[in-house]
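In what follows, a structure is listed as structure tokens, so that the remarks can point back to it.
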Amino acid sequence: MMKTPVDRLHDSLAKLVAAAKRAKREAADTTLIAVSKTHLAEAIQPVLMAGQRHFGENRVQEAQAKWPALKQHYPDVMLHLIGSLQSNKAAEAVAMFDMIHTLDRPSLAEALAKAMQAQGKSVPCFIQVNTGDEAQKGGVALAALPACLTHAQNLALPVIGLMCVPPVDENPAPHFALLAKLARRHNLKELSMGMSSDAETAVALGATYVRVGSAIFGARG
Ligand SMILES: *Cc1c(COP(=O)(O)O)cnc(C)c1O
């Protein structure tokens, strides 16, 4: 029989539990974010009914279209912004999301701080690090991380951790290990790393959030 998204959610969770066990970590210390970008509310609903509460979206507008209605039935949903954010959408992102994984420049830090202050809402943020120093990739350059972090902290932004998306054609493990080392160096607790293809590797290297899309919802159109 064809597996459903709920079957695949349970498979993904079981793999993460096994990976945590192999790494001698507590499975509860890693949160699976189900990345529902491009998938319609009808596809998301059964996954919510199965008890999944953390979801990731990469666009503010798409989240605004889908999630308010779903949240009426599941008010304890935690929505994660995992896509790049334009500063002029910062206020909407702060209103919509519970965590932002893609803080990657000083101007965005300023826009987010201003929006959080105006809305009286504190949204935990990850600084996205361009661990592969790729030209087209979001994330702060490795050399710019210390200044970016200090700047965000001076704005009283709640920076809780680091996030990365390794280059597609490379072994992700060294990137995850580097991100973990940087988080330790800067005293940050959370690590957002690992996607469908490498979530177990990420757990082995200390991920506290993994972002799993296609392994649960299937290929995106
Ligand atoms: C789409 C996306 C994911 C999920 O990717 P899959 O390979 O489908 O698991 C994770 N993180 C980010 C930043 C993404 O854009």
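Brief remarks follow.
- Of all residues in region 44-58, those satisfying the criterion of being farther than 26 Å from Gly138 by Cβ and assigned to a helix (DSSP H, G or I) are Gln45, Pro46, Val47, Leu48, Met49.
- Residues located in region 171-221, provided they are within 12 Å of the ligand (Cβ to nearest atom), not hydrophobic (A, V, I, L, M, F, W, C) and not in a strand (DSSP E or B): Pro172, Gly194, Ser196, Ser197, Asp198, Gly213, Ser214, Gly218, Arg220
- Ala34 meets the stated requirement of being within 16 Å of the ligand (Cβ to nearest atom), surrounded by 15 or more Cβ atoms within 10 Å (Cβ to Cβ) and modelled with pLDDT of 95 or more.
- Qualifying residue in region 116-131 (condition: in contact with a Leu (Cβ under 6 Å, 6 or more places away or on another chain), within 16 Å of the ligand (Cβ to nearest atom) and part of a loop (DSSP other than H, G, I, E, B)): yes
- Residue list for region 146-159, restricted to those being surrounded by fewer than 19 Cβ atoms within 10 Å (Cβ to Cβ) and either part of a helix (DSSP H, G or I) or touching a Pro at 6+ places or on another chain (Cβ under 6 Å) (or both): Pro146, Ala147, Thr150, His151, Gln153, Asn154, Pro158
- The residues listed here are Gln72, Gln61; of these, the one that is within 19 Å of the chain's Cα centre (by Cα), in a helix (DSSP H, G or I), surrounded by fewer than 17 Cβ atoms within 10 Å (Cβ to Cβ) and away from the ligand (no atom under 14 Å from the Cβ) is Gln61.
- Qualifying residue in region 160-167 (condition: out of contact with any helix residue (DSSP H, G or I) (no Cβ under 9 Å at 6 or more places or on another chain) and part of a loop (DSSP other than H, G, I, E, B)): no
- Residue among Ala144, Ala204 that alone is touching a residue at least 12 places away in the same chain (Cβ under 8 Å), farther than 19 Å from Gly83 by Cα and not acidic (Asp, Glu): Ala204
Conditions (1) charged (D, E, K, R); (2) within 23 Å of Asp98 (Cβ to Cβ); (3) without any contact (Cβ under 8 Å) to a residue 12 or more places away in the chain, marked per residue:
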site	(1), (2), (3)
Ala173	no, no, no
Ala183	no, yes, no
Leu188	no, yes, no
Ser192	no, yes, no
Glu200	yes, no, no
Tyr209	no, yes, no
Ala215	no, yes, no
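The values are calculated or read from the model by the stated rules, or taken from the named source; none is laboratory data. Everything numeric in this text was worked out from a predicted model, so none of it was measured. Positions of Cβ are backbone-derived with ideal geometry, glycine not excepted, and every protein chain shown enters the neighbour counts.
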